[in-house]
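Shown next, in structure tokens, is the structure this report addresses.
The values are calculated or read from the model by the stated rules, or taken from the named source; none is laboratory data. Just so we're clear, the structure is a prediction, and the values are computed from it rather than from any experiment. All Cβ positions, glycine included, derive from the backbone under ideal geometry; neighbour counts span all protein chains shown.
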């Protein structure tokens, strides 16, 4: 997890938590909720894949540090501790948000929101997949049509050439 993304997600969740107290309807904070949930999803989905730079690799090689760290994750205790505590802070902030939403708008409000959001995200992913599949099929059909047209043009040229040759020789 990238620490900056975790910090952004925590801040977004906390800002929603603060806005819940003054909001009269859930619609008033829906934009903030969307931002908080999308940032939280990004944090959960991101896996660092930044390789070490050439300079850093040379320095470590010169210092005879031959540890394999090609995925870009820091191995220092401070970075790992910060990552773990930030992840726990994000979970705690989400839990606090859940409690505030449920207290303000009734039980299972948070769970209902999360469930509907997941269903809609899944539906959107299926629609994107179906669209991509249709595009592949259209491309395949166009390619097939193009080759069939090339065959027809080739046949016309061959027949025309044979007809021309016959006309020249008889």
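One table, with the values for the structure above:
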{"quantity": "Matching residues, the stretch 1-16, being at pLDDT below 80 and either under 21 Å from residue 118 (Cβ atoms) or outside any helix (DSSP H, G or I) (or both)", "calculated": "1, 2, 5"}
{"quantity": "Residue list for the stretch 115-148, restricted to those being without any contact (Cβ under 8 Å) to a residue 12 or more places away in the chain and closer than 26 Å to residue 21 by Cβ", "calculated": "115, 116"}
{"quantity": "One residue from 116, 155, 150 being under 25 Å from the mean Cα position of the chain (by Cα) and either part of a helix (DSSP H, G or I) or over 30 Å from residue 30 (Cα atoms) (or both)", "calculated": "116"}
{"quantity": "Every residue from the stretch 79-113 that is in contact (Cβ under 8 Å) with a residue 24 or more places away in the chain and under 21 Å from residue 26 (Cα atoms)", "calculated": "93, 94, 96, 97, 100, 101, 104, 105, 109, 113"}
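Quick grid of which residues meet (1) modelled with pLDDT of 90 or more; (2) assigned by TED's automatic domain parsing to the domain that holds residue 34; (3) within 16 Å of residue 43 (Cα to Cα); (4) surrounded by fewer than 16 Cβ atoms within 10 Å (Cβ to Cβ):
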{"site": "84", "(1), (2), (3), (4)": "no, yes, yes, yes"}
{"site": "87", "(1), (2), (3), (4)": "no, yes, yes, no"}
{"site": "91", "(1), (2), (3), (4)": "no, yes, yes, yes"}
{"site": "112", "(1), (2), (3), (4)": "yes, no, no, yes"}
{"site": "115", "(1), (2), (3), (4)": "yes, no, no, yes"}
{"site": "119", "(1), (2), (3), (4)": "yes, no, no, yes"}
{"site": "124", "(1), (2), (3), (4)": "yes, no, no, yes"}
